[in-house]
1. Residue check: is residue 166 without any contact (Cβ under 8 Å) to a residue 60 or more places away in the chain and assigned to a strand (DSSP E or B)?
2. Quick check on this structure: which one of 88, 96 is within 18 Å of residue 62 (Cβ to Cβ) and either modelled with pLDDT under 95 or surrounded by 21 or more Cβ atoms within 10 Å (Cβ to Cβ) (or both)?
3. On the basis of being on the phi < 0 side of the Ramachandran plot and part of a helix (DSSP H, G or I), does residue 97 make the cut?
4. Can you confirm whether region 67-79 contains a residue that is part of a strand (DSSP E or B), surrounded by fewer than 18 Cβ atoms within 10 Å (Cβ to Cβ) and in contact with a strand residue (DSSP E or B) (Cβ under 9 Å, 6 or more places away or on another chain)?
5. Can you spot a residue in region 39-50 that is part of a strand (DSSP E or B), modelled with pLDDT of 95 or more, on the phi < 0 side of the Ramachandran plot and surrounded by 15 or more Cβ atoms within 10 Å (Cβ to Cβ)?
6. Quick test for you: out of 60, 92, pick the one residue that is closer than 18 Å to residue 129 by Cα, within 17 Å of the chain's Cα centre (by Cα), in a loop (DSSP other than H, G, I, E, B) and in contact (Cβ under 8 Å) with a residue 40 or more places away in the chain.
7. Answer yes or no as to whether residue 144 is buried (at least 22 other Cβ atoms within 10 Å of the Cβ), under 18 Å from residue 3 (Cα atoms) and touching a residue at least 12 places away in the same chain (Cβ under 8 Å).
8. Check off (1) under 28 Å from residue 102 (Cβ atoms); (2) surrounded by 11 or more Cβ atoms within 10 Å (Cβ to Cβ); (3) within 23 Å of the chain's Cα centre (by Cα) for residue 166 and give me the number that stays unchecked.
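The values are calculated or read from the model by the stated rules, or taken from the named source; none is laboratory data. Here the structure is a predicted model, which is why all the values come from computation and not from measurement. All Cβ positions, glycine included, derive from the backbone under ideal geometry; neighbour counts span all protein chains shown.
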C-alpha cells in the first residue's frame with residue numbers, strides 16, 4: 001500500500017503579531033512549524049503503516065527551508081520525502097498549489113491513499129487537500145476520525161455535526177485529518193538520526209510532465225487579496241457592582257433580555 005501525506009510549513013500562529021501601521025503579519029523572528037493538522041494526517045498514515053504495512057511518502061511545496069518539516073516527518077517514521085519547489089510556483093493560491101501538488105503526486109507514481117490536514121493554520125481555507133482530489137479525480141472524505149483497510153477498499157469514520165458517518169470507498173482516496181483523529185507520536189532518537197542523513201529530493205517545474213503553466217504561480221491563481229486589516233477593538237462592557245446578589249442577578253437578566261441576548 002502506498003500512502004502520500006501532504007504537509008505544509010507554517011508560522012507558529014501563537015507567536016504572530018500584527019503590524020499596527022501596515023496591518024500585515026510580522027513574520028520576522030516567528031518560528032516555523034509543521035502544520036498541526038498535517039501532523040495528525042501523518043500520524044494516521046503511520047498507524048496504517050504499523051497495522052497493514054505501507055510505504056509512507058511525505059510531500060511539501062515551499063522554499064528550501066520547508067525541508068525542516070520534511071525531516072521532522074521522517075523522524076516520526078515516514079519513508080520518503082519530497083520538496084516541490086520552483087520560483088515559478090511563487091504566489092500560488094490554493095487552486096494553483098493544489099494543481100501543482102496533484103501533478104507532483106502523479107509523478108511519484110501510483111498511490112492508494114492521500115492524507116492531509118483539514119486546513120492550514122496560516123490560511124484556514126481548508127481548500128488545498130480537497131482540491132488535490134478534484135484535480136486527480138479521486139474520492140475525497142474530509143474530517144476523518146479513523147480509517148480501516150479491507151482488501152482493495154477502506155472503511156472510514158467521518159466526523160459530522162450529527163455524530164459519526166461511516167463511509168466505504170475503493171482506492172484511490174484522499175482524506176483529511178483533524179485534531180480529533182489521533183494524537184501524533186513523538187520522533188524516536190533512531191529516526192531523528194536517520195532523518196538527518198536522509199536525502200530529500202526536490203521536484204522542480206521541469207521535472208513535472210504535462211503541467212499547464214497557465215495554472216501555476218501568481219498568474220495562474222484566480223484568488224486576489226484586496227486588503228487585510230485587524231478588527232478594531234470595541235470596549236462597550238458594563239461593570240456591575242454587586243451589593244445584593246439576588247437583585248444584581250435580576251437586573252443582569254433584565255438587561256440581557258432588553259438587549260435581546262436572552
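1. So residue 166 passes the test.
2. Values: 88 fails: either modelled with pLDDT under 95 or surrounded by 21 or more Cβ atoms within 10 Å (Cβ to Cβ) (or both).
When all the criteria are applied, what remains is 96.
3. On the way: on the phi < 0 side of the Ramachandran plot: yes; part of a helix (DSSP H, G or I): yes.
Yes: the conditions hold for residue 97.
4. Our first condition is that a residue be part of a strand (DSSP E or B); within region 67-79, this holds for none.
Taking every residue of region 67-79 in turn, none turns out to be part of a strand (DSSP E or B), surrounded by fewer than 18 Cβ atoms within 10 Å (Cβ to Cβ) and in contact with a strand residue (DSSP E or B) (Cβ under 9 Å, 6 or more places away or on another chain).
5. Quick first cut of region 39-50, residues part of a strand (DSSP E or B) only: none.
No: zero hits.
6. Details: 60 fails: in a loop (DSSP other than H, G, I, E, B).
Exactly one of 60, 92 is closer than 18 Å to residue 129 by Cα, within 17 Å of the chain's Cα centre (by Cα), in a loop (DSSP other than H, G, I, E, B) and in contact (Cβ under 8 Å) with a residue 40 or more places away in the chain, namely 92.
7. Numbers: buried (at least 22 other Cβ atoms within 10 Å of the Cβ): yes; under 18 Å from residue 3 (Cα atoms): yes; touching a residue at least 12 places away in the same chain (Cβ under 8 Å): yes.
Yes: the conditions hold for residue 144.
8. Among (1) under 28 Å from residue 102 (Cβ atoms); (2) surrounded by 11 or more Cβ atoms within 10 Å (Cβ to Cβ); (3) within 23 Å of the chain's Cα centre (by Cα), the lone unmet condition for residue 166 is (2).
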